[in-house]
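Undergrad: Just dropping this structure here.
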Amino acid sequence: MNAKRTDFVATVVIDLIVASVVGILFFLLAYILTAGLPHVSWSFLTGATDAFSGAGGIGVQLFNSFYLLVLTMLISVPISLGAGIYLAEYAKDNWRTSLIRSAIEVLSSLPSVVVGLFGFLLFVVKFKIGFSVISGSIALTFFNLPLLTRNIEESLSAVSRSQREAGLSLGLSKWKTELGIILPVALPGIVTGIVLSAGRVFGEAAALIYTAGQSAPVTNFADWNPMDPASPLNPFRPAETLAVHIWKVNTEGLASNAAALSAAASAVLIIAVLLFNLGARLLGNYLYRRVTASK
Amino acid sequence: MLKQYSFEETAVQTFDDKTSLAMRTEDMQVFYGSNHAMFDANLAFPKNQITALIGASGSGKSTYLRSLNRMNDGIATVTGKIWYHGVNINEPGVNIYEIRRHIGMVFQRPNPFAKSIRENIVYALRANGIKKKAELEERIEQSLKGAALWDEVKDNLDKSALSLSGGQQQRLCIARSIAMAPDVLLLDEPCSALDPISTVKVEETLLELQKKYSIIIVTHNMQQASRISSQCAFFHLGHIMEYAPTGTMFSNPQIPVTQDYIAGSFG
């Protein structure tokens with residue numbers, strides 16, 4: 001075969017591979033959406049679930065998913081920001097740093113069900129917090145941390161060394177350079193990473209079954225005092241999320257229309273995750289234009 | 001095969017007490033780990049003049065320059081004394097951030113911040129406690145005029161610095177440095193990434209700036225050294241071989257290694 005022919009064959013093969021990857025995604029999306037969307041209605045999105053059969057709407061679960069997400073991010077973003085800055089800027093290239101890096105890698109490869117079980121034993125049982133939003137968000141923090149830390153470290157490291165030199169040569173301290181010059185440049189990448197990891201957290205089920213629980217007690221959406229047991233904001237109440245709800249309806253749901261319910265809930269979940277992905281891109285681009293002052 | 005030259009035979013000028021000096025190094029050594037990169041550097045820089053540091057790649061000119069404002073901290077070990085206004089600034093207790101405000105630096109590749117032109121200049125000023133709007137505006141205008149960039153950007157100060165051309169970016173970096181009102185300006189091959197027209201503009205800027213600042217410039221370009229500098233130091237393999245007024249250096253180099261380098265028959 002001559003070079004031109006080889007090139008042609010290679011290009012066709014690669015094109016086919018890419019097409020199949022994209023094709024699988026579109027097939028999945030189309031299947032889930034066509035199966036689920038017809039059952040989605042406003043009353044389904046906002047309604048309450050029957051605690052026994054699992055029938056009814058997903059209003060509480062939807063709220064729980066977002067609330068858990070927000071709490072998880074509130075805990076994990078500051079920690080991983082600190083860890084990422086440390087690894088990218090301050091860590092020396094020695095055995096201790098490589099130990100930290102491998103620890104982060106191990107943490108990220110822990111199966112989520114194991115993390116969930118650990119959270120169950122430690123927070124739910126040992127610390128007697130019970131199935132709760134807070135137990136769930138701490139468990140989610142565990143496997144959100146390594147991904148976010150990695151993302152933040154990479155975003156910071158991608159910023160050219162000459163930018164750091166510029167800051168230092170103007171008499172700025174290392175910290176000031178980091179905060180005022182490097183971080184803004186890395187911010188779009190960091191935000192994209194945060195939003196993408198939010199998509200993963202939003203869809204997580206295994207770690208939450210044991211920590212946030214499988215029940216969505218009726219909450220009073222008129223009561224916004226986080227201390228009240230019936231308040232949706234109370235972090236110590238059990239909170240079944242959307243992903244857990246899908247799992248539960250499918251495995252032990254007693255509702256006659258369980259298949260339709262889980263299909264509809266899946267469609268909602270997929271749409272939410274897609275919105276996170278889209279949002280990550282738009283927000284990243286927007287922030288990049290803002291911080292670099294390019295229109 | 002590189003010709004061997006004796007490091008014993010050097011011709012380094014010194015200045016008498018009447019010459020006012022911007023700064024001076026005394027027996028400065030630089031080590032990268034166990035690698036001895038700079039040997040017994042003794043140079044003095046007269047005030048309000050341009051001093052060029054020339055030499056082949058790897059001769060230690062950039063290493064030497066970066067040591068002057070302690071940019072080698074954490075990268076290399078620098079011993080010996082660096083005298084600046086009667087203070088040895090190569091001491092552990094010295095406030096390096098303060099030092100760098102007095103001894104500014106411009107790098108080989110233009111490295112403006114990914115911010116607007118205005119922010120590039122005022123960011124470090126604000127960080128150093130200058131908050132008054134009027135004063136900041138004044139500094140922006142003065143520094144951009146000093147770097148001969150004002151006329152090109154005065155209507156677009158909020159534009160991204162990254163949208164400027166390479167030559168404009170480098171002049172912005174110079175403006176950013178002189179906005180700090182330094183005393184000494186260090187330039188590390190500032191024109192090597194620029195086209196000839198931009199190079200001429202930067203050179204004109206430097207000639208103008210020497211009235212107010214003492215300038216030390218590393219350059220690969222011998223024509224550039226002879227065009228703009230008053231003093232010239234020749235580096236070879238980590239040793240300073242010859243240091244003389246630029247005219248003398250180029251017309252009548254004292255030692256064989258400099259003669260060969262300037263004649264282009266090096267090695």
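Undergrad: When a/c reaches 1.5 or more, the comparison of a/b and b/c decides; with that in mind, is the range A:220-295 rounded, prolate or oblate per its Cα gyration tensor?
TA: Judged from the Cα gyration tensor, the range A:220-295 comes out oblate (a/c at least 1.5, b/c at or above a/b).
Undergrad: From the Cα gyration tensor of chain B, with a ≥ b ≥ c the square roots of its eigenvalues, which class applies: rounded if a/c is under 1.5, or else prolate if a/b is larger than b/c, or else oblate?
TA: Here chain B falls in the prolate category.
Undergrad: A follow-up question, please. I'd like the mean, over residues of B:176-186, of how many other protein chain beta carbons sit within 10 Å of each residue's own Cβ.
TA: 1
Undergrad: How about B:K115: which aspartates and glutamates have a C-alpha closer than 14 Å to its C-alpha, ignoring those fewer than 8 places off in the same chain?
TA: Reachable aspartates and glutamates: B:D158.
Undergrad: Mind checking the dipole of chain A: about its Cα centre, +1 per Lys or Arg Cβ, -1 per Asp or Glu Cβ, Debye to the nearest 20?
TA: Rounded to the nearest 20 debye, it is 780 debye.
Undergrad: Next up: Kindly identify the protein assembly as shown as rounded, prolate or oblate by the Cα gyration tensor criterion: order the square roots of the eigenvalues as a ≥ b ≥ c, call it rounded if a/c is under 1.5, otherwise compare a/b with b/c, prolate if a/b is larger, else oblate.
TA: In terms of gyration-tensor shape, prolate.
Undergrad: For chain B, the longest stretch holding no trypsin sites (Lys or Arg not before Pro) located in a DSSP loop with at most 13 other Cβ atoms within 10 Å is which?
TA: Of all site-free stretches, the longest is B:19-130.
Undergrad: If you average 1/r over every pair of different alpha-carbon atoms in chain A and take one over that average, what Kirkwood value in Å do you get?
TA: So the Kirkwood estimate lands at 21.6 Å.
Undergrad: Something else about it: Evaluate peptide B:108-119: per residue, the Cβ atoms of other protein chains within 10 Å of its Cβ; return the mean as an integer.
TA: Other-chain Cβ atoms within 10 Å of each residue's Cβ, averaged: 5.
Undergrad: Taking only complete DSSP H runs, can you tell me which helices of chain B stretch 15 Å or more along their own long axis by Cα positions and average at least 1.0 on the Kyte-Doolittle scale?
TA: Span-like helices, by this rule, are absent here.
Undergrad: With the contact rule set at Cα under 8 Å and sequence spacing of 6 or more, what percent relative contact order holds for chain B?
TA: So the answer I get is 29 percent.
Undergrad: With n ≥ 4 as the cut-off for DSSP H runs, can you work out [θ] at 222 nm for chain A, using -39500 (n - 2.57) per run divided by the number of residues, rounded to the nearest 500?
TA: The per-residue figure over chain A is -22500 deg cm²/dmol.
Undergrad: Using the basic label-point model (7 angstrom from Cα toward the beta carbon), what is the B:S57 to B:N42 distance in nanometres?
TA: Between B:S57 and B:N42, the label points sit 3.2 nm apart.
Undergrad: Hey, another quick one. Please identify, among B:P92, B:P182, B:P110, the residue showing maximal mean-square fluctuation in a Gaussian network model of chain B using a 10 angstrom Cα cutoff.
TA: Sorting by GNM fluctuation, first place goes to B:P92.
Undergrad: Further question on the same structure: Say the cut-off is 26 Å between C-alpha atoms; which of B:K47/B:K131; A:K92/A:K174; B:K3/B:K61; B:K145/B:K211; B:K159/B:K201 go over it?
TA: B:K47/B:K131, as the Cα separations exceed 26 Å there.
Undergrad: Could you grab the relative contact order for the range A:40-292? Cα pairs under 8 Å, six or more apart, rounded to a whole percent.
TA: This gives 26 percent for the range A:40-292.
Undergrad: I'd like the GluC sites (Glu not before Pro) in the range B:1-105 restricted to DSSP loop residues with at most 14 other Cβ atoms within 10 Å, sorted by number.
TA: B:E8, B:E9
Undergrad: May I ask for the angle, rounded to the nearest 10°, between helix A:59-85 and the longest principal axis of chain A, with both axes built from Cα atoms and the value confined to 0 to 90°?
TA: Once rounded, the angle reads 20 degrees.
Undergrad: List the aspartates and glutamates whose Cα lies under 16 Å from the Cα of B:K132, skipping any in the same chain that are fewer than 8 positions away.
TA: B:E119, B:E141
Undergrad: May I pose another question? What's the carbon and sulfur percent of the range A:149-196's accessible surface, probe 1.4 angstrom, rounded to a whole number?
TA: 64
Undergrad: Return the percentage of antiparallel bridges among DSSP beta bridges fully within the protein assembly as shown, rounded to the nearest 5 %.
TA: Beta bridges within the protein assembly as shown, antiparallel portion: roughly 55 percent.
Undergrad: List the residues whose amide H sits under 5 Å from the amide H of B:A11, counting only those 5 or more places along or on another chain, with H placed 1.01 Å from N in the peptide plane.
TA: Sorted by chain and number, the residues that satisfy this are B:E242, B:Y243.
Undergrad: For the Cα atoms of chain A, what angle does the longest principal axis make with the long axis of helix A:3-36, in degrees from 0 to 90, nearest 10?
TA: 30
Undergrad: In Å², rounded to the nearest 100, what is the total accessible surface buried by chains A and B against each other with a 1.4 Å probe?
TA: Interface area, both chains combined: 1900 Å², rounded to the nearest 100.
Undergrad: Oh, and also: Let me know the mean shielding of B:190-197 by other chains, meaning the per-residue number of their Cβ atoms within 10 Å of its Cβ.
TA: 0
Undergrad: Can you give me the accessible area per residue for the range A:40-292, using a 1.4 Å probe, in Å²?
TA: Heavy-atom accessible area per residue stands at 46 Å².
Undergrad: Moving on to the next point. Under a plain spin-label model, where a point goes 7 Å from the Cα along Cα-to-Cβ, how far apart in nm are A:L37 and A:A103?
TA: With each label placed 7 Å out from Cα toward Cβ, I get 4.8 nm.
Undergrad: Just B:F15, B:F107, B:F39 to compare: in a GNM of chain B, with alpha carbon springs under 10 Å, which one fluctuates most?
TA: Greatest mean-square fluctuation among the candidates belongs to B:F15.
Undergrad: Relative to the longest principal axis of the C-alpha atoms of chain A, give the angle of the C-alpha long axis of helix A:133-157, reported between 0 and 90° and rounded to the nearest 10°.
TA: 20
Undergrad: Let me ask something else. Test of understanding: express the Cα radius of gyration of the range A:157-295 as a ratio to 2.2 N^0.38 Å, with N the residue count.
TA: Taking N as the residue count of the range A:157-295, the ratio is 1.52.
Undergrad: Sticking with this one: Need the per-residue list for the range A:172-192: every residue with at least 30 Å² less accessible surface in the complex of protein chains than in the chain by itself, probe 1.4 Å, sorted by number.
TA: A:L172, A:K176, A:G180, A:I181
Undergrad: With just the Cα atoms defining each centre, how far is the range B:82-141 from the range A:209-256? Give it in Å.
TA: That distance is 55 Å.
Undergrad: Select from B:L207, B:L53, B:L172 the residue whose mean-square fluctuation is largest in a Gaussian network model of chain B (Cα-Cα springs shorter than 10 Å).
TA: B:L207
The values are calculated or read from the model by the stated rules, or taken from the named source; none is laboratory data. Source: prediction; values computed, not measured. Here Cβ is always computed from backbone atoms with ideal geometry, including for glycine, and neighbour counts include all displayed protein chains. Side chains included, ligands, DNA and RNA excluded: accessible areas come from the protein's heavy atoms. Shrake-Rupley method; radii C 1.70, N 1.55, O 1.52, S 1.80 Å.
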